[in-house]
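What follows is a short report on a single structure.
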Amino acid sequence: MSNTSDIKKPYPIIGLEVHVQLKTKTKAFCRCENKYGGNPNSRICPVCMGMPGMLPVFNRQVLHDSILAGHALNCKIARVTKFDRKNYMYPDLPKGYQISQYDKPICYEGYLTIENDDGTTKNIRITRAHMEEDAGKLIHLEDGTNNSYVDYNRCGAPLLETVSEPDITSPDEAVKYLKTLKEIFQYIGISDCNMEEGSLRCDANISMMIPQADGTEVNTPIAEIKNMNSFSNVKKALEYEMIRQVEEYEKTGEVNNGTNKTTRGYDDSKGVTVFQRSKEGESDYRYFPEPDLPHLEVSDEVIEQQRERLPELPAPKRKRFVSQYGITEYDALTLSASLALANYFEDVCKTTKYYKKASNVVLTDICAILNAENITIEEFSIPADHVADLVNQMGDGKISSWIGKDVFAKMMATGKTASTIVAEENLAQMDNDDEMENICRGVIEANPKSVEDYHKGKDNALKFLMGQVMKQTKGKANPVKATELLKGMLG
């Protein structure tokens, strides 16, 4: 008989359904502009509003972008695919149905690799990625009137829904999966994945496996948590739901019977999930083939054309950055988080050999400006070759890193190159050894307390003396040479 202390802890089984809005110029089945915002109900037409007699015409770019995503997610691409009607009534769905895909999705049987904090990797299987159209948006006023309005601008916007297998076993893994998926979609350029604007939305299906004393396990009823709009909310909602489902099982003993699935929403103000409705089954949606759209036959040529569009993806790019440029894995991870930032870094490296210094300038000086001014690297004012010039000035020993900070600030203010600023303001490092020795000797004589601390083994004493040397030379002293001189004189 097993001891109760030997029973394993409950653990979650999680699958994610992620909707990304594709950034095509027009909507999926009409010529309305596909763009976020605008005056409510200003980007609609009889087709996306489902007026009688109006026929959808499929946007070919939606197909191409979906195939590209399938390649990035290691999916098989269907040679024959079709659209279906998913029927349900909701105020923001004027047609009373959604054009989606049911039994013949464009992409299927793929996987996405996530990297754990310990450096190990895990493949999360992808069941399918299918094309569909978006619904509108309900706006609930909190002004005491309880009025609600509908903005149909988003109706018909093209979506790609990626459905994972239930291979995710923790909220942290769920967030890693989401971040990796978002990063890939941004790299291949099919979506901006802006969660605040709703162009990336996540539904999470979660149940708990409860180990029993006899060595078996039972599975709690599945809950689908809808439309979470931030990584932190996904994590918090799953963590809350894990506790709630275990507590519910302990009270009721109810287990998953295949039909008792529920839909819940996450209230981030209270940090809880809230029951919304019993989950519909597939039969409730009354799927049937979309009668106004023919089956699509996808040629090998089209599939290969989209494969050729596939850029270097984030994971292999990071590995290449480490091996090619000799930077740390952390720096490679940060630089490759944005394709535009990664490209900028590589543009800097085209005209310098000091790759680690280039990485430091991009990640510290430049990223500080981007964060402070809330701009992207595409909006940054200094060209990559000018940054490379600054890096070369420091790498060649013409200016110190101390002076480099000042030069960078003047580059931002004036638009001049580093070479020009260094020459105009006579900022080059001191190359007169006698002058350097005199300055170091003077600093030692003027700071007997720091000299005494140095001899007592206090590390900060040398840093203080170095600071005084840099101050007297206005940052023009070669820090390596100055440090060696100080150490020699201090004995």
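The values are calculated or read from the model by the stated rules, or taken from the named source; none is laboratory data. The model shown is predicted, which means the values in this text are computed figures rather than measured ones. Virtual Cβ from ideal backbone geometry, glycine too; neighbours counted across all protein chains shown.
I'd like the full set of residues that are among the charged types (D, E, K, R) and within 9 Å of LYS23 (Cα to Cα), limited to the stretch 184-199. Once the filter is applied, which keeps residues that are among the charged types (D, E, K, R) and within 9 Å of LYS23 (Cα to Cα), the stretch 184-199 yields only ASP192.
Can you name the condition, by its number, that VAL255 falls short on among (1) within 30 Å of ILE243 (Cα to Cα); (2) among the hydrophobic types (A, V, I, L, M, F, W, C); (3) touching an Asp or Glu at 6+ places or on another chain (Cβ under 6 Å)? (3) is the only condition that VAL255 fails.
Comparison of GLN305, GLN393 shows that the only residue that is under 29 Å from LYS76 (Cβ atoms), among the polar types (S, T, N, Q) and over 23 Å from the mean Cα position of the chain (by Cα) is GLN305. Residues of the stretch 166-182 that are assigned to a loop (DSSP other than H, G, I, E, B) and surrounded by fewer than 18 Cβ atoms within 10 Å (Cβ to Cβ): PRO166, THR169, SER170. Report yes if THR273 is surrounded by fewer than 16 Cβ atoms within 10 Å (Cβ to Cβ) and either of a type outside the set (Gly, Ala, Ser) or within 21 Å of the chain's Cα centre (by Cα) (or both), otherwise no. No; evaluated as a whole, the condition is false for this residue.
Residues of the stretch 417-434 being at pLDDT 90 or above and out of contact with any Phe, Trp or Tyr (no Cβ under 9 Å at 6 or more places or on another chain), which ones? Listed by number, the residues that qualify are THR417, SER419, THR420, ILE421, VAL422, ALA423, GLU424. Within the option set VAL218, VAL274, VAL175, VAL255, being among the aliphatic types (A, V, I, L, M), in the same structural domain as GLU115 (by TED's automatic domain parsing) and in contact with a Gly (Cβ under 7 Å, 6 or more places away or on another chain) holds for one residue only, VAL274. Scanning the stretch 39-84 for residues that are of a type outside the set (Ser, Thr, Tyr), touching an Asp or Glu at 6+ places or on another chain (Cβ under 9 Å) and surrounded by 21 or more Cβ atoms within 10 Å (Cβ to Cβ) yields ARG43, CYS48, CYS75, PHE83, ASP84. All conditions in (1) assigned to a helix (DSSP H, G or I); (2) under 19 Å from GLY415 (Cβ atoms) hold for ILE382, with the sole exception of (1). Scanning the stretch 306-320 for residues being assigned to a helix (DSSP H, G or I) and touching a residue at least 24 places away in the same chain (Cβ under 8 Å) gives a total of 6.
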